Structure formats: C-alpha cells, structure tokens
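Below is one structure, written out as structure tokens, with a few remarks after it.
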C-alpha cells in the first residue's frame with residue numbers, strides 16, 4: 001500500500017487570506033501509481049478535515065484539517081510507503097512534527113518527501129528530520145513510480161534520478177535532476193476519486209472565485225521565465241511544456257461529466273504565453289459548445305492578451321484574469337528579471353475590464369534592493385489600476401522562498417544567517433499585516449506593513465468610490481448565506497466568515 005499525504009493547512013492566526021483548493025499534486029501522483037497497478041490512497045489533510053479549525057497553543061497559528069493523531073490513524077500499519085507533498089516552506093516546523101509522529105507509530109514505514117519545499121532544501125530537511133528516508137526533487141510522478149517499484153522489489157535506490165538521501169556515513173547524496181515527463185498529454189489524469197473533493201464544495205474553498213464546484217486543471221508545466229523571487233527554475237527548470245488544447249478540453253469535459261464541475265481553475269504558473277495556443281483552446285471550447293466558467297487565479301502574462309484574445313477568453317466563459325506585474329517600479333522589474341512591460345500590461349488590463357473580465361493585480365513590495373521610492377511606485381501603480389476599474393489588488397511583502405535566486409543571495413550575504421523554525425514562521429507574513437519582517441536593505445518591516453495597508457486601502461477605497469455597488473456587496477459576502485461572489489475580495493471575506501463560523505462551532 002502506497003499513500004500520499006497532503007498535510008493540513010497552517011496559517012497565521014491573524015491571516016487575512018488563506019485560499020485552499022482540492023489536492024492537485026497528490027491526485028496526479030496517485031493517478032500515476034494506480035495506472036501502474038499499485039494500491040494507492042490519498043490522505044488529504046485539508047479536505048478530510050476542512051471543517052476542523054483550531055489554534056496553536058501559543059495562539060500564533062491556526063490549523064485547518066486533520067489532527068496529527070487522525071493522520072497517524074489514516075496512515076495505518078498497512079502502509080509501507082508514504083509520500084508527503086510539501087509545496088510551501090512556511091509550515092515546515094509543524095509538518096516535521098507530523099512526520100515524526102508517523103515514524104514513531106510505524107518505525108518500518110518508508111517516508112519520501114516531494115514538492116517545492118523539499119526540492120529546494122533537500123539536505124536541510126533530511127538533516128532536520130532524520131525520520132525522512134528520501135526526498136524526490138522536481139517533478140515527482142516518474143521518480144515516485146520508480147521508487148515504489150524499487151522499494152517493493154527490494155532493489156537498490158542509490159542511482160535513482162531525482163532522489164536525495166543521507167548515506168550510511170551521514171553524507172548527503174543527490175542523484176541530479178529527475179526525469180521530466182516527456183509527453184504531458186499522456187500523463188494519467190488526477191485520481192480525484194481518491195480525494196474528499198465534495199468537502200471543498202460545501203464552502204468557499206478555492207483559489208479563484210467559487211461557483212459551487214470548482215475543480216483544478218493544468219494546461220502547462222513549468223515557466224519559461226527566470227524571476228529571481230520564484231523557485232520555478234529550481235523545481236521545474238525553464239523547460240515549459242504545453243498540452244494540446246484538445247487534450248485540455250477533453251479533461252474539462254471529463255471533470256464536468258464525472259465530478260459535476262461548473263468552474264475550472266487553471267493552476268498553471270504561466271498559463272497563457274502563446275496567443276495561437278490560447279485561440280485554439282477557445283475555439284475548441286466553442287466547437288464542443290461547452291458552457292463552463294473558467295478562471296486564471298494564479299497570474300498570467302499580458303503580452304499574449306490582446307483585444308482579440310481577451311474577447312475569445314470572455315466568450316468561452318473566462319471570468320477571472322489575474323495579472324502579475326509584481327512591481328510598479330521599472331527599476332525593480334529589471335532587477336528581479338520580471339520581463340514585463342507595464343504599459344502593455346496596463347493596456348491589456350484596460351481592454352479586459354472593458355470587455356467584462358474580473359481583473360486582479362498581484363504586487364510585491366520590499367525586495368532587497370528596493371528604496372521607499374520603489375515601494376511607493378508600486379503603491380501608486382495599484383492606485384492607477386483602481387482608477388481603471390480593476391476589481392482586486394493583492395500587495396504582498398517580499399519573502400525569500402527557498403529555491404529562488406534571491407534566497408541564495410540573502411543566504412550568502414548573511415541577511416538570512418541561519419535556517420531555523422523562526423525563519424519558516426516568518427514566511428507567514430505573506431497574508432498577515434501584523435508580522436513586521438523585512439528583507440529589504442532600505443525599508444523596515446514595520447514600514448512595509450504600513451505601506452501594504454495603505455496601498456490596499458487606497459486601492460479598495462478608490463474601487464468602492466468608483467463603483468459603490470462593490471462596497472455594498474461586502475456585507476453580502478460576510479453575512480449572507482448563499483451569496484455568489486464576483487471578486488476575489490468577496491471570496492476571501494466569505495472564506496474568513498466561513499472559518500469564523502466553523503471556529504465558533506468547534507469551540
């Protein structure tokens with residue numbers, strides 16, 4: 001028996017946004033194992049306990065999902081191989097405790113970690129948590145499948161590509177990059193039948209705007225760009241793979257017919273790069289007469305989104321476009337290698353809003369090189385897009401994620417002197433304005449927190465003045481049962497209200 005675990009959600013007790021969604025990565029891994037004939041199971045630490053929200057002993061964190069004791073029972077003595085999917089670094093101290101508890105209960109189990117966090121910090125996690133037997137770096141399906149074959153066949157693991165582990169003498173061994181999927185279109189579909197997906201549909205738990213039964217899909221893997229704040233080059237390399245548009249639409253039809261999906265959220269790092277692919281995808285949706293809402297909540301490029309493409313997206317049901325310029329400072333965009341032209345992005349956003357799209361902007365302040373001037377340029381860009389009519393704006397404070405170029409630079413210059421639990425807990429500032437932490441040489445953490453509050457307040461104040469109806473709808477998001485959000489802010493407020501109600505029931 002092979003089981004794939006996604007741990008529970010861990011977020012700051014003061015977090016203003018913690019989007020959750022069905023477990024796409026574990027479902028893909030389980031789908032690959034099942035296709036090869038293995039008895040596989042998914043333990044979704046979020047979905048299986050999504051209505052259980054509790055606070056840490058010191059009151060600083062909240063957990064949503066299964067408890068450690070419940071996870072240990074779900075693993076069970078029959079499990080010989082446990083894969084743990086860890087995408088984000090900020091929960092590592094708590095995830096480590098779960099892994100240790102599983103190993104105490106089942107000393108003979110083999111535990112292998114995968115995902116963004118262990119891929120970027122393979123040696124660290126192996127030494128920090130000796131109960132971890134192996135780490136799979138990068139794309140996981142092929143490496144996990146071969147690891148399972150070798151494990152159940154009692155074969156040598158030492159030369160498995162993509163594997164990292166500690167040798168008998170304590171030395172760190174890394175077998176280079178793993179094998180990438182050669183034909184993304186023929187990858188087995190996610191094993192959603194092994195996941196408690198219905199629990200996500202009973203609330204507003206999704207990355208985009210909830211329409212009832214939001215399901216996730218990937219049309220591409222990787223990203224051809226090399227932004228210095230992103231771990232993509234380390235996790236996926238810059239090899240960018242695109243599925244044939246018809247294959248993506250096949251999966252959408254399958255999600256509709258099998259799981260009753262009425263909204264599709266694309267989880268791609270960079271979903272729209274080539275205009276030709278996008279137009280072909282939209283034409284395929286039209287040809288099959290599929291009436292489905294679909295969204296791009298993760299952010300996309302503006303270069304391929306001209307008026308023709310934007311109209312095609314809207315006509316086929318796209319209702320959320322997230323633009324990710326990251327900064328309003330041309331200097332910062334150059335330093336962080338974000339190859340985007342603000343004038344083109346602004347023009348594309350203006351056209352999208354005119355057509356009828358819901359438009360969201362992602363911005364970051366506090367990059368290591370930034371001055372106050374750079375930060376204010378980003379805030380003023382948020383004001384500019386608010387005046388254009390953009391619906392949402394997220395302003396985050398920069399956090400150095402393992403695997404990114406900026407993380408390596410900050411380690412080398414001593415800004416991050418040691419890696420410990422405090423460092424990982426500080427990463428929670430992304431959605432918590434009460435955490436005053438800065439990796440910027442010129443602006444303090446407290447000042448960045450003020451800038452973030454000022455920037456987002458200005459954006460929504462202008463947005464509500466420009467469209468008073470948007471402001472009035474906030475009350476519906478907070479208090480009205482059955483309310484249908486139209487913006488990401490409304491969704492996040494529903495999210496917070498749902499967590500509050502669940503927390504009240506639990507207490």
TODO: Report yes if residue 41 is on the phi < 0 side of the Ramachandran plot, in contact (Cβ under 8 Å) with a residue 24 or more places away in the chain, part of a helix (DSSP H, G or I) and buried (at least 16 other Cβ atoms within 10 Å of the Cβ), otherwise no.
DONE: no
- [ ] Inspect region 95-102 for any residue being crowded, with 16+ Cβ neighbours inside 10 Å and modelled with pLDDT under 95 and give the result as yes or no.
- [x] no
- [ ] Would you be able to say whether some residue in region 192-206 is under 24 Å from residue 340 (Cα atoms) and in contact with a strand residue (DSSP E or B) (Cβ under 8 Å, 6 or more places away or on another chain)?
- [x] no
TODO: Please work out which one of (1) assigned by TED's automatic domain parsing to the domain that holds residue 268; (2) out of contact with any helix residue (DSSP H, G or I) (no Cβ under 7 Å at 6 or more places or on another chain); (3) at pLDDT 90 or above is the condition residue 201 fails and give its number.
DONE: (1)
TODO: Sort out which residues of region 376-419 are outside the structural domain of residue 348 (by TED's automatic domain parsing), in a helix (DSSP H, G or I) and over 25 Å from residue 15 (Cβ atoms), and write them in order of number.
DONE: 405, 408, 409, 411, 412
TODO: Check region 5-12 and report whether any residue there is more than 17 Å from the chain's Cα centre (by Cα) and more than 21 Å from residue 208 (Cα to Cα).
DONE: no
Task: Hey, residue 162 touching a strand residue (DSSP E or B) at 6+ places or on another chain (Cβ under 8 Å), assigned by TED's automatic domain parsing to the domain that holds residue 138 and modelled with pLDDT under 95 or not - done: yes
Open item on the list: So residue 339 passes all but one of these: (1) under 24 Å from the mean Cα position of the chain (by Cα); (2) within 22 Å of residue 446 (Cβ to Cβ). Which condition number does it fail?
Closed with: (2)
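The values are calculated or read from the model by the stated rules, or taken from the named source; none is laboratory data. Model, not experiment: these values are computed from the prediction. With ideal geometry, Cβ positions are generated from the backbone for all residues, glycine too; neighbour counts draw on all protein chains shown.
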